[in-house]
Amino acid sequence: ATMKKKVLLMGKSGSGKTSMRSIIFADYLARDTTRLSPTIDVEYSSVQFLGNLHLHLWDCGGQDDFYKNYLDNMRDHIFRSVELLVYVFDIEHFDQIDLKQFEAVAEALDQHSPDALVFVLLHKMDLVAEEERSLVFRERESLINECTRNLAVRVKCFPSSIWDETLYRAWSQIVYSLVPNTKLLEDNLNDFCKICGSDEVVLFESTTFLVIAHCEDGSKHSDVHRFEKISNIIKQFKLSCRKAQAQFEGMVVQNSRFTAFFNLFTSNTCIMVIVSDTDIQPASIQLNIDAAKPHFESLIPQTQM
């Protein structure tokens, strides 16, 4: 059965809401977003994710007059039956007026959809000096948590930028929270990881290349952002293939330390398998990937229940 989830995308005008939506869901490159015009009122779009999951995105224009209208005249219409709110702050223009507006939105959500999840993206972090980013993020996060501490809605903050992998990190977490029963997927990925003798297995949604499940053999990896970097690289490569009128089906990257397989997997996913054991033949990993496809194809609809 089709499962519909209402997702609000809110934040002040110019904060970058439509740009990030276009990169994640409409295959825009970061440099192409400069031609996007401001959102007027509410733009509705439906995104199919993992086959049966339909995300109804309500991209709400951020001009002050619109917000007054959302909160005063359209309150019930906008904030009822919301599964998730993504609220975007422009890190350069973060002030008390912004915070007050967010607080009013959070209160309206608390009133009409108290079970909704709230993800706050402190966006355009690339404009903050690298050595100051962590401190600036923590200060803003604490102000946001302070103004919602008496509400039922749960708030999670992320730093983000369209120019690096942080955007994919934030949106992977957002989408992960919307996919029910991800534990079922991860348990089965764990079994697959052991059967293959691989170090790590990652499952990506095939349209957005967002990470929906992963497992590793227990060894700690030094780069915690590696999945999002890979999402970004593979999506760029896929778009380049499309421009060359070529069909992307997969790739194998091999060096002296590991072999990485990246394949189209089920009808809605891609899989990445990392193997460092040189005794394991690439052909056997490929056979295991092909053999596992029918099992995961039948498994993924169960995550919709």
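Conditions tested, residue by residue: (1) among the small types (G, A, S); (2) in contact (Cβ under 8 Å) with a residue 60 or more places away in the chain.
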{"residue": "N73", "(1), (2)": "no, no"}
{"residue": "E83", "(1), (2)": "no, yes"}
{"residue": "A108", "(1), (2)": "yes, no"}
{"residue": "Q111", "(1), (2)": "no, no"}
**OP:** List every residue pair whose Cβ atoms sit under 6 Å apart, with the two residues 6 or more apart in sequence or on different chains, where the first one lies in the range 225-248 and is over 21 Å from S161 (Cα atoms) and the second, anywhere, is assigned to a helix (DSSP H, G or I).
**Re:** F248/K238; F248/C241
**OP:** Scan V253, V273 and give me the residue that is over 19 Å from the mean Cα position of the chain (by Cα), over 28 Å from S22 (Cα atoms), without any contact (Cβ under 8 Å) to a residue 12 or more places away in the chain and outside any loop (DSSP other than H, G, I, E, B).
**Re:** V253
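Is it true that A152 is surrounded by 19 or more Cβ atoms within 10 Å (Cβ to Cβ), of a type in the set (G, A, S) and touching a helix residue (DSSP H, G or I) at 6+ places or on another chain (Cβ under 9 Å)? Before the answer, list the steps.
Values: surrounded by 19 or more Cβ atoms within 10 Å (Cβ to Cβ): no; of a type in the set (G, A, S): yes; touching a helix residue (DSSP H, G or I) at 6+ places or on another chain (Cβ under 9 Å): yes.
No.
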Original post:
In this structure, does L53 turn out to be surrounded by 20 or more Cβ atoms within 10 Å (Cβ to Cβ), more than 23 Å from I162 (Cβ to Cβ), in contact with a Lys or Arg (Cβ under 8 Å, 6 or more places away or on another chain) and of a type in the set (A, V, I, L, M, F, W, C)?
Top reply: yes
Original post:
For residues in the range 70-89 being open to solvent by less than 30 Å² (accessible area, probe 1.4 Å) and in contact with a His (Cβ under 6 Å, 6 or more places away or on another chain), which is nearest to I162 (Cα to Cα)?
Top reply: V88
Original post:
From the list A260, A246, which one is on the phi < 0 side of the Ramachandran plot and assigned to a strand (DSSP E or B)?
Top reply: A260
Original post:
Restricting attention to the range 90-105, which residues are in a helix (DSSP H, G or I) and surrounded by 12 or more Cβ atoms within 10 Å (Cβ to Cβ)?
Top reply: I91, E92, H93, D98, L99, Q101, F102, E103, A104, V105
**OP:** Select from the range 37-50 the residues that are open to solvent by 20 Å² or more (accessible area, probe 1.4 Å) and of a type in the set (S, T, N, Q) and list them in ascending order.
**Re:** S37, S45, S46, Q48
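Considering only the range 193-227, state which residues are assigned to a strand (DSSP E or B) and open to solvent by 20 Å² or more (accessible area, probe 1.4 Å).
Quick first cut of the range 193-227, residues assigned to a strand (DSSP E or B) only: 200-205, 211-216.
Within the range 193-227, H214, E216 meet the criteria.
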Original post:
Restricting the first residue to the range 132-155 and requiring it to be in a strand (DSSP E or B), which pairs with a second residue that is surrounded by fewer than 17 Cβ atoms within 10 Å (Cβ to Cβ) and among the polar types (S, T, N, Q) meet a Cβ separation below 7 Å and a spacing of at least six or different chains?
Top reply: V155/N145
**OP:** Might you check whether a residue that is crowded, with 16+ Cβ neighbours inside 10 Å and in contact with a Lys or Arg (Cβ under 6 Å, 6 or more places away or on another chain) occurs anywhere in the range 125-136?
**Re:** yes
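Scan the range 113-124 for residues that are open to solvent by less than 20 Å² (accessible area, probe 1.4 Å) and over 19 Å from the mean Cα position of the chain (by Cα) and jot them down.
S113
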Subject >> Given (1) closer than 19 Å to C196 by Cβ; (2) of a type in the set (S, T, N, Q); (3) surrounded by 11 or more Cβ atoms within 10 Å (Cβ to Cβ), number of the condition N268 does not satisfy >> reply: (1)
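What about F258, is it more than 16 Å from K194 (Cα to Cα) and open to solvent by less than 70 Å² (accessible area, probe 1.4 Å)?
Spelling it out, F258 is indeed more than 16 Å from K194 (Cα to Cα) and open to solvent by less than 70 Å² (accessible area, probe 1.4 Å).
The values are calculated or read from the model by the stated rules, or taken from the named source; none is laboratory data. Since the model is a prediction, treat every value here as computed from it, not as a measurement. In this analysis, Cβ positions are derived from the backbone assuming ideal geometry, glycine residues included, and neighbour counts consider all displayed protein chains. These accessible areas exclude ligands, DNA and RNA; they are computed on the full protein's heavy atoms, side chains included. Shrake-Rupley method; radii C 1.70, N 1.55, O 1.52, S 1.80 Å.
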